[in-house]
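First up is the structure itself, then whatever we jot down about it.
The values are calculated or read from the model by the stated rules, or taken from the named source; none is laboratory data. Worth saying up front: this structure is predicted, and the values here are computed from it rather than measured. Don't worry about glycine lacking a Cβ; one is built from the backbone with ideal geometry, like all the others, and counts go over all protein chains shown. Heavy atoms of the whole protein, side chains included, go into the accessibility calculation; ligands, DNA and RNA do not. Shrake-Rupley method; radii C 1.70, N 1.55, O 1.52, S 1.80 Å.
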Amino acid sequence: MEILKLSEIIGQEIVELKFHYLPENEYGLQSFHSYIKLKNETIIGIPNFDDNEYLNLDQENLNYYKTMFETGQPLNHETSRQLIIGQKITDFYFCYYENEIDFDFSAFIKLSNNYYLSEHNFGPIGITDVDLILFDEKRFNNEIERLKNINVDVRSFSKTNHI
């Protein structure tokens, strides 16, 4: 079975981003998931685990990502589009708590323009904003400091895996 590796995604150009937002899912939470189309036509989500073997490319997974992308809402905010579309993925940054991957956080995707793309996937209705996140370098560094204060360590995938 063919497997898409995170290391193969690094260097790929983003050509489109679509998302699904549910104001209330089956658990009574808001949910948000984005789907990214790369120049090579591969569709990915924002990962939340640091295993290099990111996605089994079986027909079920391919169909799922294709359907979610095709039925997703386009990213219409022009400034966000300009900062994301056409950029290459240069690294992934993952969150760790007590030296274990923290699945509560999606990865931060470092883009070739030094912006960082991520998302908040779930949150209580009316309390937590679930949405796409786009940080410049300064805001990303501030977020890393904020996370350090709650004992969450943010690590580069490329540096950790010597890519």
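In the stretch 24-54, which residue that is of a type in the set (A, V, I, L, M, F, W, C) and open to solvent by less than 20 Å² (accessible area, probe 1.4 Å) is nearest to I14 (Cα to Cα)? Quick ask: steps written out before the conclusion?
Our first condition is that a residue be of a type in the set (A, V, I, L, M, F, W, C); within the stretch 24-54, this holds for 29, 32, 36, 38, 43-44, 46, 49.
Checking the rest, the ones that are also open to solvent by less than 20 Å² (accessible area, probe 1.4 Å) come to 32, 36, 38, 44, 46.
Values: F32: 19, I36: 7, L38: 5, I44: 10, I46: 12 Å.
Only one residue fits best here, namely L38.
Restrict the check to the stretch 41-59 and report whether at least one residue is under 17 Å from S118 (Cα atoms), of a type in the set (S, T, N, Q) and out of contact with any Pro (no Cβ under 8 Å at 6 or more places or on another chain). Please lay out each step first, then the result.
So the first thing to find is which residues in the stretch 41-59 are under 17 Å from S118 (Cα atoms), and the list is 43-50, 54.
Next, from what is left, pick out any that are of a type in the set (S, T, N, Q): 48.
Restricting the remaining residues to those that are out of contact with any Pro (no Cβ under 8 Å at 6 or more places or on another chain) gives 48.
Checked the stretch 41-59: at least one residue is under 17 Å from S118 (Cα atoms), of a type in the set (S, T, N, Q) and out of contact with any Pro (no Cβ under 8 Å at 6 or more places or on another chain).
Taking the stretch 91-108 as the range and being surrounded by 15 or more Cβ atoms within 10 Å (Cβ to Cβ) and out of contact with any helix residue (DSSP H, G or I) (no Cβ under 6 Å at 6 or more places or on another chain) as the test, the residues that pass are Y93, F94, C95, Y96, Y97, I101, D102, F105, S106, A107, F108. Per the conditions (1) at negative phi; (2) modelled with pLDDT of 95 or more, the sole criterion not satisfied by L75 is (2).
Taking the stretch 109-132, which residues are closer than 23 Å to L38 by Cβ and either aromatic (F, W, Y) or surrounded by fewer than 18 Cβ atoms within 10 Å (Cβ to Cβ) (or both)?
From the stretch 109-132, those closer than 23 Å to L38 by Cβ are 109-121, 131-132; that's our starting set.
Within the stretch 109-132, S112, N113, N114, Y115, Y116, H120, D131 qualify.
Look at L83 and say whether it is over 21 Å from V15 (Cα atoms) and assigned to a helix (DSSP H, G or I).
Values: over 21 Å from V15 (Cα atoms): no; assigned to a helix (DSSP H, G or I): yes.
It is false that L83 is over 21 Å from V15 (Cα atoms) and assigned to a helix (DSSP H, G or I).
Just give me the residues in the stretch 126-138 being of a type in the set (D, E, K, R) and in a loop (DSSP other than H, G, I, E, B), in sequence order. Hits for the stretch 126-138 are D129, D131, D136.
Taking S7, is it among the small types (G, A, S), in contact with a Phe, Trp or Tyr (Cβ under 7 Å, 6 or more places away or on another chain) and touching a residue at least 40 places away in the same chain (Cβ under 8 Å)?
Numbers: among the small types (G, A, S): yes; in contact with a Phe, Trp or Tyr (Cβ under 7 Å, 6 or more places away or on another chain): no; touching a residue at least 40 places away in the same chain (Cβ under 8 Å): yes.
Answer is no for this residue.
The number of residues in the stretch 1-23 being open to solvent by 50 Å² or more (accessible area, probe 1.4 Å) and of a type in the set (S, T, Y) comes to 1.
Taking the criterion of being in contact (Cβ under 8 Å) with a residue 12 or more places away in the chain and either of a type in the set (V, I, T) or touching a Lys or Arg at 6+ places or on another chain (Cβ under 7 Å) (or both), the residues of the stretch 112-131 that qualify are S112, Y116, I125, T128, V130.
How about the stretch 139-163: which of its residues are within 25 Å of G11 (Cβ to Cβ) and either touching an Asp or Glu at 6+ places or on another chain (Cβ under 7 Å) or part of a helix (DSSP H, G or I) (or both)? Correct list: R139, F140, N141, E143, I144, S156, F157, S158, K159, T160.
Can you list the strands (runs of 3 or more DSSP E) found entirely within the stretch 17-75 that contain at least 1 residues being touching a residue at least 24 places away in the same chain (Cβ under 8 Å), touching a Gly at 6+ places or on another chain (Cβ under 7 Å) and within 23 Å of L111 (Cβ to Cβ)?
On the way: elements: 29-38, 43-45, 53-56.
Correct list: 29-38.
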